[in-house]
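Peer 1: The structure under discussion is supplied below as structure tokens; questions concerning it will follow.
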Amino acid sequence: MTPEGLEAVAAKLVSRAASGDLGESRAADGTWRSVSVVDSHTSGMPTRIIVDGFSVLPGTSVAERVEYVRQEIADELLSLLREPRGHAASCGVLVQPPIDPTADVGAIYLCTDGLLPVCGHASMGMVDALLRDEARSQPEGWEKTVTIETAGGILMARATRGGSGALEVGIEVPAAEVVALDAEVGDGSGSAVRADIARCGGIYAIVKVADAYPDLVFGATPELRAHAEGIMERVDRWASENLPARLPKCTHVVFVEEQVDRAAVRTLTVHDGFVDRSPCGTGSAALASVYARRRRLEPGEEFLNRSMTGGAFRVRVEGIEQTSQGSAARSRILGGSRLLGVSTQVIDRRDPMWRGFTW
């Protein structure tokens, strides 16, 4: 299949799923299910877009759909991401017709250990797959907006055709709220770690590596991953002792190499269980909210966030909202994805390892 053929097939599959034209191909006794997927990556971070094999989810709200997934089909969906067919950093998105009539597509986001309320890089991958075939026949500068219904709220995605024909997809994520600045959390090993804490779907601890670990070379992934586990636990403890309202569990640590006003930074985001290969869309939004709170960024200004793989997102502050904690920033995350393939996956419950595993 040519790249152009792949783009056409991917666009058709995603469009059909968004319209509700979904088939459920499974054995009458439930022993196996056949699933169609589109694979892509966003700055090195993989996304498996699930476009057929599961029927339209029941429910009159996104919350009801999410609960149905958790109770009925989570094991099957997560098996599509885990080893032996995936790996610990795999993410996915189940495409559905939206409930909200103002939305273009519904999305249920997944990682290997469960559901996510929203995922920036997976949204970019899905929108790119949906629009890339159409964009090929459009002039440079062509734009199209896609409204995505998610468990974390409505996402607005705008795709723009560049001069090389590539699409840049900008995702306006829900406002990221700053919970605390310079919280003295530690990491359980005796290091004096200060973290900025922000909420953007999940809870993010943002740590400047040079301050917390001055002798550690940025990019020492095993060491930073080990420190992240302790930081997440200590953030949870700090929040329970210092905040009036209970926070969800901290599941992300954004390690920042440098913080330069209105310029570029390099980050490594550790999730609860894996390291993000991309600059992390929602992590970038959390970082932007901290920069805005510290007055390092004003609305309309942006910075470049680079990941360890060399991928980059442009992060632009669109506006500031006042909250009970002080402020929240609305950001637009701009990046690009590449299609990798289309395939049929079979989930066979007769396989003793059908649920998959993470290492």
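The values are calculated or read from the model by the stated rules, or taken from the named source; none is laboratory data. The shown structure was predicted, so the numbers you read here are calculated from the model rather than taken from an experiment. Methodologically, a virtual Cβ is constructed for each residue, glycine included, from the backbone with ideal geometry; neighbour enumeration extends over all protein chains shown.
Peer 1: Taking the criterion of being of a type in the set (Ser, Thr, Tyr), surrounded by fewer than 20 Cβ atoms within 10 Å (Cβ to Cβ) and within 30 Å of Val9 (Cα to Cα), would at least one residue in the range 330-338 satisfy it?
Peer 2: No, there is no match, as no residue in the range 330-338 is of a type in the set (Ser, Thr, Tyr), surrounded by fewer than 20 Cβ atoms within 10 Å (Cβ to Cβ) and within 30 Å of Val9 (Cα to Cα).
Peer 1: Can you tell me which residues in the range 87-106 are surrounded by 22 or more Cβ atoms within 10 Å (Cβ to Cβ) and over 16 Å from the mean Cα position of the chain (by Cα)?
Peer 2: Gln96, Val105
Peer 1: Select from the range 88-107 the residues that are within 16 Å of Asp39 (Cα to Cα) and touching a strand residue (DSSP E or B) at 6+ places or on another chain (Cβ under 8 Å) and list them in ascending order.
Peer 2: Hits for the range 88-107 are Ala89, Ser90, Cys91, Gly92, Val93, Leu94, Val95, Ala107.
Peer 1: State whether one or more residues within the range 232-242 are hydroxyl-bearing (Ser, Thr, Tyr), in contact with a strand residue (DSSP E or B) (Cβ under 9 Å, 6 or more places away or on another chain) and assigned by TED's automatic domain parsing to the domain that holds Ala328.
Peer 2: Scanning the range 232-242, I find no residue that is hydroxyl-bearing (Ser, Thr, Tyr), in contact with a strand residue (DSSP E or B) (Cβ under 9 Å, 6 or more places away or on another chain) and assigned by TED's automatic domain parsing to the domain that holds Ala328, so the answer is no.
Peer 1: Please work out which residue is farthest from Asp182 (Cα to Cα), limiting yourself to the range 210-247 and to residues that are part of a helix (DSSP H, G or I) and basic (Lys, Arg).
Peer 2: Arg225
Peer 1: Let me ask something additional. Starting from residues that are outside any helix (DSSP H, G or I) and small (Gly, Ala, Ser), keep the ones in the range 1-24 and report whichever is modelled with the highest pLDDT.
Peer 2: Once the filter is applied, the top-ranked residue is Gly20.
Peer 1: Six or more apart or on different chains, Cβ atoms under 6 Å: show the pairs whose first residue is in the range 78-91 and in a loop (DSSP other than H, G, I, E, B) and whose second is modelled with pLDDT of 95 or more and surrounded by fewer than 19 Cβ atoms within 10 Å (Cβ to Cβ).
Peer 2: Every condition considered, the pairs that remain are Leu80/Gln345.
Peer 1: Turning to a different aspect of this structure: Could you list, in sequence order, the residues of the range 159-192 that are in a strand (DSSP E or B) and within 18 Å of Val93 (Cα to Cα)?
Peer 2: Across the range 159-192, the qualifying residues are Val169, Gly170, Ile171, Glu172.
For (1) more than 18 Å from Lys12 (Cα to Cα); (2) touching a strand residue (DSSP E or B) at 6+ places or on another chain (Cβ under 7 Å); (3) without any contact (Cβ under 8 Å) to a residue 12 or more places away in the chain; (4) of a type outside the set (S, T, N, Q), each residue gets a yes or a no:
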site: Gly120; (1), (2), (3), (4): yes, yes, no, yes
site: Met124; (1), (2), (3), (4): no, yes, no, yes
site: Ala129; (1), (2), (3), (4): no, yes, no, yes
site: Ser137; (1), (2), (3), (4): no, no, yes, no
site: Glu143; (1), (2), (3), (4): yes, yes, no, yes
site: Ile148; (1), (2), (3), (4): no, yes, no, yes
site: Gly153; (1), (2), (3), (4): yes, no, no, yes
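Peer 1: From the list Leu224, Leu216, Leu243, which residue is under 22 Å from Phe274 (Cβ atoms), in contact (Cβ under 8 Å) with a residue 12 or more places away in the chain and of a type in the set (A, V, I, L, M)?
Peer 2: Just one listed residue meets the conditions, Leu224.
Peer 1: Right, here's the next one. Does Val173 qualify as being crowded, with 22+ Cβ neighbours inside 10 Å and either over 14 Å from the mean Cα position of the chain (by Cα) or modelled with pLDDT under 90 (or both)?
Peer 2: Spelling it out, Val173 is indeed crowded, with 22+ Cβ neighbours inside 10 Å and either over 14 Å from the mean Cα position of the chain (by Cα) or modelled with pLDDT under 90 (or both).
Peer 1: If the requirement is being surrounded by fewer than 17 Cβ atoms within 10 Å (Cβ to Cβ), in the same structural domain as Ala264 (by TED's automatic domain parsing) and in a strand (DSSP E or B), which of these qualifies: Gly319, Gly310, Gly326? Explain how you work it out, then say what you get.
Peer 2: On the way: Gly310 fails: in a strand (DSSP E or B); Gly326 fails: in a strand (DSSP E or B).
Answer to the selection: Gly319.
Peer 1: If we keep just the residues of the range 41-58 that are part of a loop (DSSP other than H, G, I, E, B) and over 13 Å from the mean Cα position of the chain (by Cα), which is farthest from Thr344 (Cα to Cα)?
Peer 2: Restricting to residues being part of a loop (DSSP other than H, G, I, E, B) and over 13 Å from the mean Cα position of the chain (by Cα), the top hit is Pro58.
Peer 1: Before we move on, is Gly341 buried (at least 17 other Cβ atoms within 10 Å of the Cβ), over 18 Å from Gly281 (Cα atoms) and of a type outside the set (Asp, Glu)?
Peer 2: no
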